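First the structure, in the form of structure tokens, and then the observations on it.
The values are calculated or read from the model by the stated rules, or taken from the named source; none is laboratory data. Computed from a prediction, not measured in an experiment: that's the story for all the values here. Methodologically, a virtual Cβ is constructed for each residue, glycine included, from the backbone with ideal geometry; neighbour enumeration extends over all protein chains shown.
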Amino acid sequence: MRRSLRDYVRQRVTPNVLAWETSGEVPRSFFGDLADLGVLGLRLSPEYGGGGQDFWFTVVLIEELMRCGSIGVPVAVMAHAEFATMLIDRYGSPALRETYVRGASQGRLIGALGVSEPDAGSDVAALRTRAVRDGDEFVINGSKLYISNGTIADYVTLAVRTGGTGARGLSLIVVPADAKGLVRRRLRKLGTHASDTAELFFEDCRVPAGNLLGAGNDGFGMIMSGFEGERLVLSVMACSHARLMFEEARDWGHRRRAFGQPLLGFQVWQHRLADVLTRIEAAEALTQRGIDLHVRGRAAQSEISMAKLFATETARFTATECAQLLGGQGYMEECLMARLHRDALALTIGAGSSEIMRGLIARANNLVAQ
Ligand SMILES: Cc1cc2nc3c(=O)[nH]c(=O)nc-3n(C[C@H](O)[C@H](O)[C@H](O)COP(=O)(O)OP(=O)(O)OC[C@H]3O[C@@H](n4cnc5c(N)ncnc54)[C@H](O)[C@@H]3O)c2cc1C
């Protein structure tokens, strides 16, 4: 799987990355290609066309996609298969799974996960988008913000309020992108340009009642259950991203000369890159520990939060250090490091920010004063 993916990424993805970054999205054919390779929906149920594999296979997919040098590319794939569709597979009716899990696995349908809102990001339990039952339908009003795949998606796994305030009143419902009353607007971002990110507006948007996942008002637990995988996805991305930046900097340090010697002739740069590499290795070890626990079905919230925190902060640290070694070259748009540098910044925000990770670690380890 790794070998065929590596060939595919080298031949069909990397040469197109600049075009995808410019257009602000990956093409639909990319999802079809991954389905043909048998790597789309790796963790989805085999009876609905998925791969039925564990998270280690997702690790291979992320690592190989990351070689293209644009985080936006794996983000589009992960938002589709791991974030939006995993929840439908886990909690949806057989009819929903037949339509969406099978369509997603075959690359015919593209998914997005809509949780964040203008007034509710980290605080998921505060979200306001409301779905009210009206006969055989739900009527949805509200808006979502920063939704990956938002304008290219065929369906959105949407977090809505169906009950009272707080975590207990939330549900998940699948909204087809062509539902009347849904309007989408692409957002412009600092980085991850190949990933389409959007704002979604729902105005009396009607969706069949059968599109609800679960029994209703049980959505908060579902969203939280998805977070473990999402945070591991970002941890793996961060480790791969950091390694790529390290390798770019090391190569440059050997090639570029100043004051009569290569930059890596200066001990200060040897030591700085030694620090970078040590942190990357530590981030990889922590991430692998989180994955191992997750795959074996063990409680791993503390370890996964630590992995997400440390790996994504390491990617930020690596970006700053490695871009500095490249000097002016690292600031130029045609230089890969410029893209890697700005892409690294999103990792500490998505799927729970570094501050939220620290809070979870504190709660899991008896660090909160009573
Ligand atoms: C590129 C990108 C793609 C995204 N894709 C998706 C997607 O597909 N679907 C989706 O639903 N969302 C998506 N998001 C949204 C992302 O999940 C949120 O941005 C994130 O959860 C943070 O929410 P917020 O931006 O509203 O920040 P806020 O919650 O407003 O937080 C702002 C700052 O305050 C800090 N903060 C908040 N609460 C606390 C606290 N209790 N203690 C200390 N500090 C705190 C945060 O850490 C952060 O630094 C995406 C975001 C980005 C940048």
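Out of region 266-316, which residues are touching a residue at least 60 places away in the same chain (Cβ under 8 Å) and under 30 Å from Arg256 (Cα atoms)?
Ala311, Thr312, Thr314, Ala315 - these are the residues of region 266-316 that are touching a residue at least 60 places away in the same chain (Cβ under 8 Å) and under 30 Å from Arg256 (Cα atoms).
Go through the residues of region 29-47 one by one and say whether even a single one is free of Cβ contacts under 8 Å to residues at least 40 places away in the same chain, buried (at least 20 other Cβ atoms within 10 Å of the Cβ) and not in a helix (DSSP H, G or I).
So far as region 29-47 goes, yes, one or more of its residues are free of Cβ contacts under 8 Å to residues at least 40 places away in the same chain, buried (at least 20 other Cβ atoms within 10 Å of the Cβ) and not in a helix (DSSP H, G or I).
For region 222-239, state whether one or more residues are of a type in the set (Ser, Thr, Tyr) and modelled with pLDDT under 95.
Here is the first cut: in region 222-239, the ones of a type in the set (Ser, Thr, Tyr) are 225, 235.
Among the residues that remain, those that are also modelled with pLDDT under 95 are: 225.
Looking through region 222-239, at least one residue is of a type in the set (Ser, Thr, Tyr) and modelled with pLDDT under 95.
Restricting to region 184-211, what's the tally of residues that are under 23 Å from the mean Cα position of the chain (by Cα) and assigned to a strand (DSSP E or B)?
Selection size over region 184-211: 8.
Taking region 25-43, which residues are in contact with a Ser or Thr (Cβ under 8 Å, 6 or more places away or on another chain) and either under 17 Å from Ser4 (Cβ atoms) or of a type outside the set (A, V, I, L, M) (or both)? If you could, list the steps in order and put the result at the bottom.
As a first pass, look at region 25-43 and keep what is in contact with a Ser or Thr (Cβ under 8 Å, 6 or more places away or on another chain): 25-26, 35, 37, 40-43.
Scanning region 25-43 gives Glu25, Ala35, Leu37, Leu40, Gly41, Leu42, Arg43.
Of the residues that sit in region 349-366 and are more than 17 Å from Met66 (Cβ to Cβ) and touching a helix residue (DSSP H, G or I) at 6+ places or on another chain (Cβ under 7 Å), which one is surrounded by the fewest Cβ atoms within 10 Å (Cβ to Cβ)?
Narrowing region 349-366 to residues more than 17 Å from Met66 (Cβ to Cβ): 349, 352-366.
Now narrow it down to the ones that are touching a helix residue (DSSP H, G or I) at 6+ places or on another chain (Cβ under 7 Å): 352, 354, 357-358, 360-361, 364-365.
Details: Gly352: 23, Ser354: 17, Met357: 23, Arg358: 14, Leu360: 19, Ile361: 18, Ala364: 16, Asn365: 11.
Restricting to residues being more than 17 Å from Met66 (Cβ to Cβ) and touching a helix residue (DSSP H, G or I) at 6+ places or on another chain (Cβ under 7 Å), the top hit is Asn365.
Name the single residue, out of those in region 54-89 being over 15 Å from the mean Cα position of the chain (by Cα) and under 13 Å from Gly229 (Cβ atoms), that is surrounded by the most Cβ atoms within 10 Å (Cβ to Cβ).
Asp89
Determine which member of the set His294, His271 is away from the ligand (no atom under 16 Å from the Cβ) and surrounded by fewer than 20 Cβ atoms within 10 Å (Cβ to Cβ). First the steps, then the outcome.
On the way: His294 fails: surrounded by fewer than 20 Cβ atoms within 10 Å (Cβ to Cβ).
After ruling out the rest, the residue left standing is His271.
Taking only region 326-370 into account, find how many residues are within 16 Å of the ligand (Cβ to nearest atom) and over 22 Å from Glu313 (Cβ atoms). Give the steps one after another, and end with the answer.
Going through region 326-370, the residues within 16 Å of the ligand (Cβ to nearest atom) turn out to be 339-364, 367-369.
When the remaining residues are screened for being over 22 Å from Glu313 (Cβ atoms), the result is 369.
Count: 1.
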